[in-house]
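Here is the structure we will look at.
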Amino acid sequence: RNSQTVAKGQSGGTVELQNGCACCSLSDELLTSVSDLMEGRDLDAIVVELSGVADPMAVKQNWEQAVRTNHPATERAELGRIVTVVDSHTFGSDWMTWDTAGKRKWADDDDKCAAARQVPELLAEQVEAANVIILNKIDLSEGEQLETARMVVRSLNEKAEVAETKFGELTPDKIIGKVAVVNDHDNSHDHDCSEPGCMDDSHSLSHSHSSESCSDPGCTEDHSHSHSHSTEAPCSDPGCTEDHSHSHPHSEV
């Protein structure tokens, strides 16, 4: 992987940033790309993927500077969280090495600045910057490898949320947060059917609601109940023995 930065957008759209130096703050290219990705789109989130030699704090500081200067991109988006993925199988040994990113082939040959970075320095920067740390490959960790990774990660960052995974399997909200808006007053029913004998299952009701309270001072009736029923008309056959009773919770104020 090289030191380029990738910004991923809606419908598989990808913008590759060519000027993302790991040793300095990201240029306006990221901000411009965010604006372009959001043009004509209503996005829940944008994921900016950095390479293993990038400095996430530089990106964060550059974004904060853009907020202070009222860059258009920061009026439509905000920096949510920084997520760092840790290879728990190799993290302990990588932490103790003197290797550079260039020696590990983690940086482009023409990026001398990134190639000169020492591996432990890169690990420390990325763990310290994170709000969420994913300890991946726990199934491959042997002996004390996983415990060493846990210990070093916690010594570098005590506040971050830590998740342990195999094959990077975790729910999307760990990456992008809870961005979906839930309508708490969702009534999933339709009252359009006016036929008395309508049997359309799509008109079944499953909801909670409130109505006016009993105004009788001596009223002792319990008005709290809930229900789930269909709009099927009641049986009018005098000899019908089918039980049409139902219970339904909804609280009445």
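Total residues in the stretch 72-94 satisfying the condition of being within 20 Å of LEU43 (Cα to Cα), out of contact with any strand residue (DSSP E or B) (no Cβ under 8 Å at 6 or more places or on another chain) and open to solvent by 40 Å² or more (accessible area, probe 1.4 Å): the figure is 6.
On the basis of being modelled with pLDDT of 90 or more and closer than 19 Å to ASP55 by Cβ, does VAL162 make the cut? When the stated conditions are applied, VAL162 does not pass them. Would you be able to tell me the number of residues in the stretch 30-82 that are without any contact (Cβ under 8 Å) to a residue 12 or more places away in the chain, within 28 Å of ALA114 (Cα to Cα) and acidic (Asp, Glu)? Selection size over the stretch 30-82: 1.
When the residues of the stretch 133-170 are filtered to those that are within 11 Å of THR90 (Cα to Cα) and in contact with a Leu (Cβ under 7 Å, 6 or more places away or on another chain), the one that is surrounded by the fewest Cβ atoms within 10 Å (Cβ to Cβ) is ILE138. Whether any residue in the stretch 108-115 is under 23 Å from VAL59 (Cα atoms) and at pLDDT 95 or above is what I want to check. No; the residues of the stretch 108-115 include none that is under 23 Å from VAL59 (Cα atoms) and at pLDDT 95 or above. What do you reckon, is VAL127 aliphatic (A, V, I, L, M), open to solvent by less than 40 Å² (accessible area, probe 1.4 Å), in contact with a strand residue (DSSP E or B) (Cβ under 6 Å, 6 or more places away or on another chain) and modelled with pLDDT of 95 or more? The answer is yes for VAL127. Please determine, by comparing only the residues of the stretch 29-64 that are hydroxyl-bearing (Ser, Thr, Tyr) and in a helix (DSSP H, G or I), which one is least open to solvent (accessible area, probe 1.4 Å). Filtering the stretch 29-64 for residues that are hydroxyl-bearing (Ser, Thr, Tyr) and in a helix (DSSP H, G or I), the one least open to solvent (accessible area, probe 1.4 Å) comes out as SER33. Within the stretch 107-123, restricting attention to residues that are under 15 Å from PHE91 (Cβ atoms) and hydrophobic (A, V, I, L, M, F, W, C), the residue that is most open to solvent (accessible area, probe 1.4 Å) is LEU123.
With respect to LYS112, is the statement that it is within 30 Å of LYS166 (Cα to Cα) and out of contact with any helix residue (DSSP H, G or I) (no Cβ under 7 Å at 6 or more places or on another chain) true? Criteria not met by LYS112. Contact map, the stretch 146-166: residues that are on the phi < 0 side of the Ramachandran plot paired with residues that are open to solvent by 90 Å² or more (accessible area, probe 1.4 Å), Cβ distance under 8 Å, separation 6+ or inter-chain. Pairs shown: LEU156/GLU128; ASN157/GLU128; VAL162/ARG154.
Note on the stretch 171-185: among residues that are open to solvent by less than 100 Å² (accessible area, probe 1.4 Å) and in a loop (DSSP other than H, G, I, E, B), the one that is modelled with the lowest pLDDT is ALA180.
Please count how many residues of the stretch 95-106 are farther than 13 Å from VAL153 by Cα and open to solvent by 60 Å² or more (accessible area, probe 1.4 Å). So the answer is 6.
The values are calculated or read from the model by the stated rules, or taken from the named source; none is laboratory data. Note that the coordinates shown come from a computational prediction; the quantities given were computed from them, not determined experimentally. Cβ coordinates were reconstructed from backbone atoms using ideal geometry, including for glycine residues, and neighbour counts include every protein chain displayed. These area figures cover heavy atoms from the full protein model, side chains too; ligands, DNA and RNA do not enter into them. Shrake-Rupley method; radii C 1.70, N 1.55, O 1.52, S 1.80 Å.
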